[in-house]
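Student: Got a structure here, written out as structure tokens. Questions coming.
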Amino acid sequence: MLRATLRSLLARKLRLMLSALAVVLGVMFVSGAFVLTDTLGRSFDSVFADAYAETDVEVSAKSKVATSEFEGEQVATTFPAATLERIRAVPGVEQATGLAAADGARVMGQNGKVLTSFGPPQLGSNWTGESDLVRLREGRGPTADDEIVVNATVAKAANLAVGDRVAVWTLEPKREFTLVGIFGYSGDRESLGGVQEVAFTERVAQQLMLGETGVYSTVSVRAADGVKPAALRDAISAALGDGYVVKTGEQLSKDASAGLKEGLAFFNNILLGFAGVALFVGIFLILNTFSIIIAQRTRELALMRAMGASRRQMIGSVLVEAVAIGLIASVLGLGAGIGVGALLAFVFGQISGGLALAGLGVPASAVVSAFVVGLLVTVVAALLPALRASRIPPIAAMQDAATPDRPLTKITVVGAVVGAVGGTLLALGLAGRAGDNTLWTILGGVLVSFVGVALLTPLISKPVVSLLGRLFAWSVPGKLGRLNSGRNPRRTAITAAALMVGIALVTGVSVILSSAKSSLTTLAEDTIHAELVISGVQTGPRMPSFDPTVLDRAAQVPGVASVAGLYADMALVGGERTYVSATSNVPALRDIFQAAPTAGSIDALGPNQLLVDSATAAKRGLTVGATVPVQLSRGEARTYTLTGIYVESELFSGFVLPAGAAQDFGLPMPTQAYLQLAPGASVDQVLPQVEALLADSPEVSVADRGAFIEQQTSMFDQLLLMIQVLLALAILIAVLGIINTLALSVLERTRELGLLRAIGLRRGQTMRMVTVESVVISVFGALLGVTVGTGLGAAVVRALREDGITDLVLPWSQMGLYVGLAAVIGVVAAVLPAIRAARINVLGAIAHD
């Protein structure tokens with residue numbers, strides 16, 4: 001039986017190739033994700049090991065406000081120079097170097113634009129001289145307050161040379177320096193992990209990066225000979241007390257790498273999610289392939305049953321084929337995944353500014369997942385066809401026809417039940433009634449719903465396919481193609497369902513994002529009563545900012561009635577972390593956002609006063625006159641008195657502090673400004689004048705309200721594009737399914753095609769017939785996907801109504817594009833099967849058994 005199975009498999013290797021390819025693509029995505037994250041993880045390990053190679057112990061002050069990578073930039077807490085002397089006095093310390101370093105030194109290139117960074121920090125620090133790690137490549141270190149050195153990555157990106165005048169943004173607005181040196185790192189590296197570095201004299205670094213002179217952010221300590229770093233760490237910690245964080249260089253390296261690996265794990269889970277979608281689609285392809293092959297082998301399998309093969313042996317025969325395909329596909333998918341992972345790691349390294357990649361590694365998780373996923377998907381998909389093969393009676397060996405179609409009653413009932421279960425899970429998840437398992441309930445609901453729809457698809461395939469086919473019924477090939485696509489509802493349904501999954505997900509996301517974008521646009525238009533807005537696009541943890549003097553100068557521009565600048569920071573308010581804002585003009589901000597008081601006054605703010613929205617006040621039990629302790633990123637905690645409570649809105653809420661508080665913000669410069677124009681003033685007249693004021697603030701620009709809203713909502717378009725790219729793999733697998741179905745169908749209808757050719761059907765007409773069949777199936781799958789996706793998207797939008805997504809927008813143009821692309825996919829998928837059908841030898845086909 002085993003020999004017969006293997007011979008049968010080898011005899012149909014071309015038929016099964018496309019099914020194996022579907023598994024290969026899915027496994028490639030899974031293993032590639034693990035290879036990528038492993039390679040990047042080890043690369044970061046190497047970078048941080050080098051960065052702390054010359055540090056035995058590092059000392060820093062405890063953060064005043066802890067901030068995660070997803071919330072913004074962690075602001076270093078400073079400590080006085082006296083602490084450095086205390087550290088030097090600890091026994092076992094050979095050398096202690098004070099560092100005034102922080103993220104946020106943005107260099108302006110020769111083109112007048114600020115260098116951007118998509119991840120690595122833009123570090124500004126004091127120059128501490130050359131070392132085994134740092135080496136000057138050109139020039140010398142800075143000695144005067146108007147001199148700087150930069151690393152080779154900055155010099156290359158900004159096209160700088162020694163002697164150039166360079167503008168740098170820090171905690172203060174644009175300031176110009178003379179570039180006196182360019183440095184690199186051991187191993188001929190231009191940067192460590194793509195970090196952009198600028199080094200000043202110590203006093204300037206303290207002022208620009210930490211906000212005051214005579215302080216440091218960290219101290220790097222070298223241990224004396226024979227002193228272990230752990231022992232020195234404990235000694236320093238005992239000498240300084242609880243207000244400091246003291247770690248060894250090894251600890252720092254591990255902690256920094258672990259933080260980045262946490263982000264990589266999140267990215268890895270996203271990739272695995274899309275890989276799961278691709279493999280789910282692959283199940284439809286494999287299921288259909290085995291189903292068709294079983295139908296074509298009805299007589300062969302019946303003869304085996306007549307010769308004594310048991311049902312268990314029949315099931316085993318099909319599953320052995322599945323395991324063989326799964327093993328081969330897993331091996332190929334793992335190899336492709338290693339290549340894709342290496343390629344993506346290289347691209348990531350280039351985008352991040354030249355991350356030096358560690359040697360390519362294949363973690364055990366990649367190998368195990370490749371084989372487990374490849375075998376599991378293939379065997380699960382082949383299980384139903386295997387059961388069907390075991391039910392073929394021996395008497396079927398005497399029949400010429402393949403297994404006839406069975407009634408759709410049972411599959412329709414099962415589909416309705418499964419669909420109802422999926423809908424219930426989805427409803428529970430979207431309603432927030434699943435407790436801590438909300439996300440998994442929603443994902444499970446979507447998966448089960450897709451299975452239910454797939455099971456119901458045969459019921460609707462025949463009438464819908466017949467209707468679609470009438471568009472091509474004006475010719476004989478068109479009529480034949482329409483009839484062929486509708487002759488086997490199950491086969492057509494499974495093929496279309498594979499395409500349905502990918503298009504449904506893309507459509508659902510399009511509906512959600514379009515609705516969110518429309519809702520936000522409507523809300524902003526109704527809420528923001530300002531004709532001009534100064535803002536920028538955030539590309540990293542630090543928000544774009546501009547010179548505070550622009551606020552006063554903009555208020556003097558003819559036609560400007562009022563200007564309200566906004567500052568933002570993460571703070572501890574009453575012991576709880578929350579975002580706070582400060583404004584330069586309370587009355588103007590009130591008018592711009594049409595804020596109405598519910599208690600107290602919101603017309604002005606004194607130096608120690610604050611405002612809060614009504615929802616936050618109710619949640620925290622605050623009333624007018626209450627005192628609230630506030631700890632900002634810098635400075636000491638201060639107590640503010642609540643003088644006003646305003647009605648919250650979707651775009652403006654939270655605690656509002658006076659402008660003077662912004663000096664202790666992590667970024668003491670405004671990040672946005674709203675300008676109201678005087679009656680009769682024109683946007684076209686005022687905008688160029690305000691734009692001229694921002695010439696030295698390249699991170700931001702001024703735009704009218706409509707352009708500002710479009711800028712802020714453009715992220716939805718970028719997110720949709722990213723999802724479309726990731727789901728393209730699932731759609732590609734669906735295309736393979738269509739090709740496979742048509743190829744097997746052509747083989748199954750060899751005699752029929754020969755007879756059609758014998759009675760006058762030309763080669764071109766044969767190709768058109770197969771193409772019509774393919775296009776009908778593709779368009780049916782796309783229409784099904786658009787319908788299901790619209791339903792899923794609308795359900796999510798309805799569930800998010802309380803969160804501000806109030807508009808339900810159906811992206812008709814995008815949905816029309818998906819259907820149009822499906823028609824093109826159908827034409828492309830039909831090329832090879834159509835050519836094969838046209839080349840059939842007429843006499844050989846008529847004699848085919």
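Student: Could you list, in sequence order, the residues of the stretch 51-69 that are more than 27 Å from K228 (Cβ to Cβ) and loosely packed, with under 15 Cβ neighbours inside 10 Å?
Tutor: Within the stretch 51-69, S63, A66, S68, E69 meet the criteria.
Student: Condition test on R705, is it touching a Leu at 6+ places or on another chain (Cβ under 9 Å) and either exposed (fewer than 14 other Cβ atoms within 10 Å of the Cβ) or more than 18 Å from V573 (Cβ to Cβ) (or both)? Outline the logic, then answer.
Tutor: Working: touching a Leu at 6+ places or on another chain (Cβ under 9 Å): yes; either exposed (fewer than 14 other Cβ atoms within 10 Å of the Cβ) or more than 18 Å from V573 (Cβ to Cβ) (or both): yes.
Criteria met by R705.
Student: Right, another one. Scan (1) closer than 23 Å to G282 by Cβ; (2) modelled with pLDDT under 75 for the single condition S365 breaks and write down its number.
Tutor: The number of the failed condition is (2).
Student: Exactly one condition in (1) modelled with pLDDT of 90 or more; (2) outside any helix (DSSP H, G or I) is false for V786; which is it?
Tutor: Of (1) modelled with pLDDT of 90 or more; (2) outside any helix (DSSP H, G or I), only one is false for V786: (2).
Student: Another question, then. What is the number of the single condition among (1) surrounded by 23 or more Cβ atoms within 10 Å (Cβ to Cβ); (2) under 21 Å from Y216 (Cα atoms) that L84 does not meet?
Tutor: Looking at each condition in turn, L84 falls short on (1).
Student: Just a yes or no: is a residue in the stretch 102-118 of a type in the set (A, V, I, L, M, F, W, C), closer than 20 Å to S220 by Cβ, in contact (Cβ under 8 Å) with a residue 24 or more places away in the chain and surrounded by 16 or more Cβ atoms within 10 Å (Cβ to Cβ)?
Tutor: yes
Student: Here are some residues: Q631, Q685, Q672. Which one is under 38 Å from the mean Cα position of the chain (by Cα) and surrounded by fewer than 20 Cβ atoms within 10 Å (Cβ to Cβ)?
Tutor: Step by step, each of Q631, Q685, Q672 is checked, and only Q631 is under 38 Å from the mean Cα position of the chain (by Cα) and surrounded by fewer than 20 Cβ atoms within 10 Å (Cβ to Cβ).
Student: Now, a different point. Can you tell me which of G249, G226, G282 is more than 19 Å from the chain's Cα centre (by Cα), surrounded by fewer than 19 Cβ atoms within 10 Å (Cβ to Cβ) and of a type outside the set (S, T, N, Q)?
Tutor: Selected residue: G226, the only one of G249, G226, G282 that is more than 19 Å from the chain's Cα centre (by Cα), surrounded by fewer than 19 Cβ atoms within 10 Å (Cβ to Cβ) and of a type outside the set (S, T, N, Q).
Student: A further question on this structure: For I292, state whether it is in contact with an Asp or Glu (Cβ under 8 Å, 6 or more places away or on another chain), part of a helix (DSSP H, G or I) and modelled with pLDDT under 80. Before the answer, list the steps.
Tutor: Details: in contact with an Asp or Glu (Cβ under 8 Å, 6 or more places away or on another chain): yes; part of a helix (DSSP H, G or I): yes; modelled with pLDDT under 80: yes.
Criteria met by I292.
Student: Among residues belonging to the stretch 181-214 that are assigned to a strand (DSSP E or B) and of a type in the set (D, E, K, R), point out the one that is modelled with the lowest pLDDT.
Tutor: R189
Student: Please tell me if T616 is surrounded by fewer than 20 Cβ atoms within 10 Å (Cβ to Cβ), assigned to a loop (DSSP other than H, G, I, E, B), out of contact with any His (no Cβ under 8 Å at 6 or more places or on another chain) and polar (S, T, N, Q).
Tutor: Criteria not met by T616.
Student: Only one of F79, F48, F34 is of a type outside the set (D, E), crowded, with 21+ Cβ neighbours inside 10 Å and touching a Phe, Trp or Tyr at 6+ places or on another chain (Cβ under 8 Å); which?
Tutor: F79
Student: Among the listed residues L589, L657, which satisfies the condition of being within 30 Å of R801 (Cβ to Cβ), outside the structural domain of A105 (by TED's automatic domain parsing), buried (at least 20 other Cβ atoms within 10 Å of the Cβ) and of a type outside the set (V, I, T)?
Tutor: Being within 30 Å of R801 (Cβ to Cβ), outside the structural domain of A105 (by TED's automatic domain parsing), buried (at least 20 other Cβ atoms within 10 Å of the Cβ) and of a type outside the set (V, I, T) holds for just one of L589, L657, which is L589.
The values are calculated or read from the model by the stated rules, or taken from the named source; none is laboratory data. Since the structure is predicted, the reported quantities are computational estimates derived from the model, not experimental observations. Counting neighbours? That spans all protein chains shown, and the Cβs are built from the backbone with ideal geometry, glycine included.
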